[in-house]
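Colleague: There's a structure below that I have some questions on.
The values are calculated or read from the model by the stated rules, or taken from the named source; none is laboratory data. A quick note: this is a predicted structure, and the numbers were derived from the prediction, not measured. Cβ placement follows ideal geometry from the backbone for every residue including glycine, while neighbour counts extend to all protein chains displayed.
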Amino acid sequence: MAHIPDGLLSAPVLVSGGVLAAAGVALGLRRLDDRMIPRTAILAAAFFAGSLVAVPVGPSSVHLLLAGLMGVMLGTAAFLAVLVALLLQALLFGFGGLTTLGVNTVNIALPGVLCGLLLGPLIRATARPSVRLAAGALAGGLAVLGTGGLVALSLWLSSSDYTPAARVVIATYLPLALVEAFITAAIVSFLARVQPEALRPVAP
Amino acid sequence: MTVAVPQVPVCDLRLRLVAAFIAIACLSQLRTLPVALAALAVAGLVAAWRRPDGRLWRRLLHVEGFLLLLFATLPFTMAGQPLFSLGPLTASVEGVERALLIAAKVSASVLALTALLGAVEPVRLGAALRALHVPEVLVRLFVLTARYLSLIRDEARRLQEAMRMRGFRPGTNRHSWRSYGHLLGMLLVRALERAQRVEEAMRCRGYEGRFPYLAPPSPTARDWAGLCAALAFGLAVTMADRL
């Protein structure tokens, strides 16, 4: 739902999305240690595989974005992981788009990285499981809401005719945010018990 | 014993990537319906000429959620000449035209992308991206992610099967969500263990931060002709659209 296809957005939105994505990717590249490349790639593949799992919600099912957790576990390298995953998805499976690569990368990765920066330290430092659960839920839910807001913003900035649809888009992200909050909280508390060092970001 | 290798003419992926990008960028900015429909027809012909399997046509049927939303809302929310009414809602000619324009542009882009770049192995794509001066680290990430994706997807499938065997029935409740959390957490833990092993194995074999890439052969006349065709197509549709 977060992959905007080719043929929808206006040129200024596409170009500014591309420029923002390039800045994020450059930041990620500068912070990423060369030795961490295999780890980042394999984690990116795991997040990609995880987002392909269909989670039932009511009569339908949703696919998770996992951007909040990516922000916590990958740090700024989440920009790289999201870009690579979107490129793979566009070129190998034909989903998403080529010209919208930049916009989509920003829409998904930026809220995740911000959540990771804000809530990651709390998740790592706290000794109380309840605080960790709450912080994990916030990271998961807020990242999804941020993505929904950015997708709606990209549509709205492209054409005022898209405004009614953009409003509905935000509403459709609410159930996903709820599910993602619960699941991210569960993943974070699982990792804290099983392998706490997994919660340290690959690239700060 | 010799194995017969089919002699497939290998095209130059660098030029093909550039061609696909230009063609799709031009397609995505079209404003008039007749031109968009003509472009869709051309893209459809090119795709059919490359003799695709059924996947391509099925792919066209997949529509993202907000495209459905746009198709549902645009005819009724755009002001203009009334076309038909559905209870209190009136659809306008302009709105229906706009919805058709978007559908034509999105479908043409999908056809162009799949026809030009479908069925390309990620390793070759990585080499092409490297030759187009995409940063080395990004290319390495791309190739490695593509390499491990199918492996980790299989692992996810096995974990899900194991959950079902233990009697897990997914529903809309906290227990199901926690179980999915554990599934994904386990997937990440195993991915990290795999990353540890891969890192050690790579270092044992003398990995020092880069992969060797063969310098790609220079593009043939046929490759240049393909790029020129894509450029001409992009220019033609843009001119027809704006004049």
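Colleague: Can you find a residue in the stretch A:102-110 that is farther than 23 Å from residue A:181 by Cα and either β-branched (Val, Ile, Thr) or touching a Gly at 6+ places or on another chain (Cβ under 8 Å) (or both)?
Modeller: We begin by selecting, within the stretch A:102-110, every residue farther than 23 Å from residue A:181 by Cα; these are A:102-103.
Keeping just the survivors that are either β-branched (Val, Ile, Thr) or touching a Gly at 6+ places or on another chain (Cβ under 8 Å) (or both) gives A:102-103.
Yes, because at least one residue in the stretch A:102-110 is farther than 23 Å from residue A:181 by Cα and either β-branched (Val, Ile, Thr) or touching a Gly at 6+ places or on another chain (Cβ under 8 Å) (or both).
Colleague: Moving to a separate point now. Within the stretch B:134-155, identify whether any single residue is outside any loop (DSSP other than H, G, I, E, B), closer than 23 Å to residue A:67 by Cβ and small (Gly, Ala, Ser), and answer yes or no.
Modeller: Within the stretch B:134-155, one or more residues are outside any loop (DSSP other than H, G, I, E, B), closer than 23 Å to residue A:67 by Cβ and small (Gly, Ala, Ser).
Colleague: Could you list, in sequence order, the residues of the stretch A:152-181 that are within 16 Å of the chain's Cα centre (by Cα) and within 7 Å of chain B (Cβ to nearest Cβ)?
Modeller: The answer is A:179, and nothing else.
Colleague: Looking only at the stretch B:203-215, count every residue that is at pLDDT below 75 and either of a type in the set (D, E, K, R) or within 24 Å of the chain's Cα centre (by Cα) (or both) and tell me the total. Give the steps one after another, and end with the answer.
Modeller: At the first step, the residues of the stretch B:203-215 found to be at pLDDT below 75 are B:208-215.
Applying the additional criterion that residues be either of a type in the set (D, E, K, R) or within 24 Å of the chain's Cα centre (by Cα) (or both) yields B:208, B:210.
Matching residues across the stretch B:203-215 total 2.
Colleague: Does the stretch A:73-84 include one or more residues that are more than 21 Å from residue B:60 (Cα to Cα), aromatic (Phe, Trp, Tyr) and without any contact (Cβ under 8 Å) to a residue 40 or more places away in the chain? Break it down into steps so the answer makes sense when it comes.
Modeller: Initially, the stretch A:73-84 is screened for residues more than 21 Å from residue B:60 (Cα to Cα), giving A:73-84.
Then keep just the ones that are aromatic (Phe, Trp, Tyr); that gives A:79.
Filter again for without any contact (Cβ under 8 Å) to a residue 40 or more places away in the chain, leaving none.
Checking the stretch A:73-84: not a single residue is more than 21 Å from residue B:60 (Cα to Cα), aromatic (Phe, Trp, Tyr) and without any contact (Cβ under 8 Å) to a residue 40 or more places away in the chain.
Colleague: Among the candidates B:159, B:132, B:101, B:151, which residue alone is under 27 Å from residue B:227 (Cβ atoms), at pLDDT 90 or above and surrounded by fewer than 21 Cβ atoms within 10 Å (Cβ to Cβ)?
Modeller: Values: B:159 fails: under 27 Å from residue B:227 (Cβ atoms); B:101 fails: under 27 Å from residue B:227 (Cβ atoms); B:151 fails: under 27 Å from residue B:227 (Cβ atoms).
Matching residue, one of B:159, B:132, B:101, B:151: B:132.
Colleague: Does residue B:184 satisfy being crowded, with 19+ Cβ neighbours inside 10 Å, among the hydrophobic types (A, V, I, L, M, F, W, C) and at pLDDT 95 or above? Break it down stepwise before answering.
Modeller: Working: crowded, with 19+ Cβ neighbours inside 10 Å: yes; among the hydrophobic types (A, V, I, L, M, F, W, C): yes; at pLDDT 95 or above: yes.
So residue B:184 passes the test.
Colleague: Moving to a separate point now. Mind checking which pairs have a first residue in the stretch A:125-138 that is without any contact (Cβ under 8 Å) to a residue 24 or more places away in the chain and a second that is surrounded by 12 or more Cβ atoms within 10 Å (Cβ to Cβ) and basic (Lys, Arg), Cβ under 6 Å, 6 or more apart or different chains?
Modeller: Here the result reads A:126/A:132, each pair linking the stretch A:125-138 to a residue that is surrounded by 12 or more Cβ atoms within 10 Å (Cβ to Cβ) and basic (Lys, Arg).
Colleague: Take the residues of the stretch B:144-171 that are facing chain A (nearest Cβ under 8 Å) and in contact with a Leu (Cβ under 8 Å, 6 or more places away or on another chain): which is farthest from residue A:41 (Cα to Cα)?
Modeller: Checking each candidate, the answer is B:160.
Colleague: In addition: Evaluate the following for residue A:85: is it in a helix (DSSP H, G or I), of a type outside the set (Ser, Thr, Tyr) and within 11 Å of chain B (Cβ to nearest Cβ)?
Modeller: Working: in a helix (DSSP H, G or I): yes; of a type outside the set (Ser, Thr, Tyr): yes; within 11 Å of chain B (Cβ to nearest Cβ): yes.
Taking the combined requirement at face value, the residue satisfies it.
Colleague: Only one of these conditions is not met by residue B:131: (1) of a type outside the set (Val, Ile, Thr); (2) over 30 Å from residue A:172 (Cβ atoms); (3) out of contact with any Pro (no Cβ under 6 Å at 6 or more places or on another chain). Which number is it?
Modeller: Residue B:131 satisfies all of (1) of a type outside the set (Val, Ile, Thr); (2) over 30 Å from residue A:172 (Cβ atoms); (3) out of contact with any Pro (no Cβ under 6 Å at 6 or more places or on another chain) except (3).
Colleague: If you take the residues of the stretch B:45-61 that are modelled with pLDDT under 80 and loosely packed, with under 12 Cβ neighbours inside 10 Å, which of them is farthest from the other protein chains (Cβ to nearest Cβ)?
Modeller: Residues of the stretch B:45-61 modelled with pLDDT under 80: B:50-61.
From the residues that got through so far, the ones that are loosely packed, with under 12 Cβ neighbours inside 10 Å too are B:51, B:53-54, B:58, B:61.
On the way: B:51: 17, B:53: 12, B:54: 13, B:58: 10, B:61: 12 Å.
Result: B:51.
Colleague: Have a look at B:75, B:88, B:82 and point out the one that is free of Cβ contacts under 8 Å to residues at least 12 places away in the same chain, more than 9 Å from every other protein chain (Cβ to nearest Cβ) and touching a strand residue (DSSP E or B) at 6+ places or on another chain (Cβ under 6 Å). Can you show your working first?
Modeller: On the way: B:75 fails: free of Cβ contacts under 8 Å to residues at least 12 places away in the same chain; B:88 fails: touching a strand residue (DSSP E or B) at 6+ places or on another chain (Cβ under 6 Å).
Being free of Cβ contacts under 8 Å to residues at least 12 places away in the same chain, more than 9 Å from every other protein chain (Cβ to nearest Cβ) and touching a strand residue (DSSP E or B) at 6+ places or on another chain (Cβ under 6 Å) holds for just one of B:75, B:88, B:82, which is B:82.
Colleague: From the list A:202, A:188, A:151, exactly one residue is buried (at least 22 other Cβ atoms within 10 Å of the Cβ) and more than 22 Å from residue B:189 (Cβ to Cβ). Which is it?
Modeller: A:151
Colleague: Looking only at the stretch A:36-56, count every residue that is in a helix (DSSP H, G or I) and more than 7 Å from chain B (Cβ to nearest Cβ) and tell me the total. Break it down stepwise before answering.
Modeller: The initial filter retains those residues of the stretch A:36-56 that are in a helix (DSSP H, G or I), namely A:36-51.
Next, only the ones that are more than 7 Å from chain B (Cβ to nearest Cβ) stay: A:36, A:47, A:51.
Of the residues in that region, 3 qualify.
Colleague: Now for a different question. For residue B:124, only one of the following conditions fails: (1) modelled with pLDDT under 85; (2) assigned to a helix (DSSP H, G or I); (3) surrounded by fewer than 17 Cβ atoms within 10 Å (Cβ to Cβ). What is its number?
Modeller: Evaluating residue B:124 over (1) modelled with pLDDT under 85; (2) assigned to a helix (DSSP H, G or I); (3) surrounded by fewer than 17 Cβ atoms within 10 Å (Cβ to Cβ) leaves (1) as the failure.
Colleague: Being among the small types (Gly, Ala, Ser) and in contact (Cβ under 8 Å) with a residue 12 or more places away in the chain is the filter here; which residues of the stretch A:150-185 pass it?
Modeller: If we filter the stretch A:150-185 for residues that are among the small types (Gly, Ala, Ser), which is where we start, we get A:152, A:154, A:158-160, A:165-166, A:171, A:177, A:181, A:185.
Those that are among the small types (Gly, Ala, Ser) and in contact (Cβ under 8 Å) with a residue 12 or more places away in the chain: A:152, A:154, A:158, A:159, A:166, A:177, A:181, A:185.
Colleague: When you look at residue A:98, is it surrounded by fewer than 24 Cβ atoms within 10 Å (Cβ to Cβ) and at the interface with another protein chain (Cβ under 7 Å from one of its Cβ atoms), yes or no? First the steps, then the outcome.
Modeller: Values: surrounded by fewer than 24 Cβ atoms within 10 Å (Cβ to Cβ): yes; at the interface with another protein chain (Cβ under 7 Å from one of its Cβ atoms): yes.
Considered against the rule, which asks whether it is surrounded by fewer than 24 Cβ atoms within 10 Å (Cβ to Cβ) and at the interface with another protein chain (Cβ under 7 Å from one of its Cβ atoms), residue A:98 comes out as yes.
Colleague: Consider the stretch A:13-35. How many of its residues are among the aliphatic types (A, V, I, L, M) and not in a helix (DSSP H, G or I)? Explain how you work it out, then say what you get.
Modeller: The first filter runs over the stretch A:13-35 and keeps only residues among the aliphatic types (A, V, I, L, M), leaving A:13-15, A:19-23, A:25-27, A:29, A:32.
Imposing the further condition that a residue be not in a helix (DSSP H, G or I) reduces the set to A:32.
Residues that pass the stated criteria total 1.
Colleague: Would you mind finding the one in A:134, A:139 that is part of a helix (DSSP H, G or I), in contact with a helix residue (DSSP H, G or I) (Cβ under 8 Å, 6 or more places away or on another chain) and either more than 19 Å from residue A:196 (Cβ to Cβ) or away from chain B (no Cβ under 14 Å) (or both)?
Modeller: Details: A:139 fails: either more than 19 Å from residue A:196 (Cβ to Cβ) or away from chain B (no Cβ under 14 Å) (or both).
Testing whether each residue is part of a helix (DSSP H, G or I), in contact with a helix residue (DSSP H, G or I) (Cβ under 8 Å, 6 or more places away or on another chain) and either more than 19 Å from residue A:196 (Cβ to Cβ) or away from chain B (no Cβ under 14 Å) (or both) leaves just A:134.
Colleague: Follow-up question, since we're still on this one. Do we find a residue being under 30 Å from residue A:32 (Cβ atoms), at pLDDT below 95 and not in a loop (DSSP other than H, G, I, E, B) anywhere in the stretch B:235-243? Outline the logic, then answer.
Modeller: Just the residues of the stretch B:235-243 that are under 30 Å from residue A:32 (Cβ atoms), to begin with: none.
Checked against the condition, which is being under 30 Å from residue A:32 (Cβ atoms), at pLDDT below 95 and not in a loop (DSSP other than H, G, I, E, B), the stretch B:235-243 yields no hits at all.
Colleague: So, one more: Consider residue B:135 carefully, then state whether it is facing chain A (nearest Cβ under 7 Å) and under 30 Å from residue B:27 (Cβ atoms). Reasoning before the result, please.
Modeller: Numbers: facing chain A (nearest Cβ under 7 Å): yes; under 30 Å from residue B:27 (Cβ atoms): yes.
Answer is yes for this residue.
Colleague: Identify the single condition in (1) in contact (Cβ under 8 Å) with a residue 24 or more places away in the chain; (2) more than 15 Å from the chain's Cα centre (by Cα); (3) at negative phi that residue A:61 does not satisfy, given that it satisfies every other one.
Modeller: The single condition residue A:61 does not satisfy is (1).
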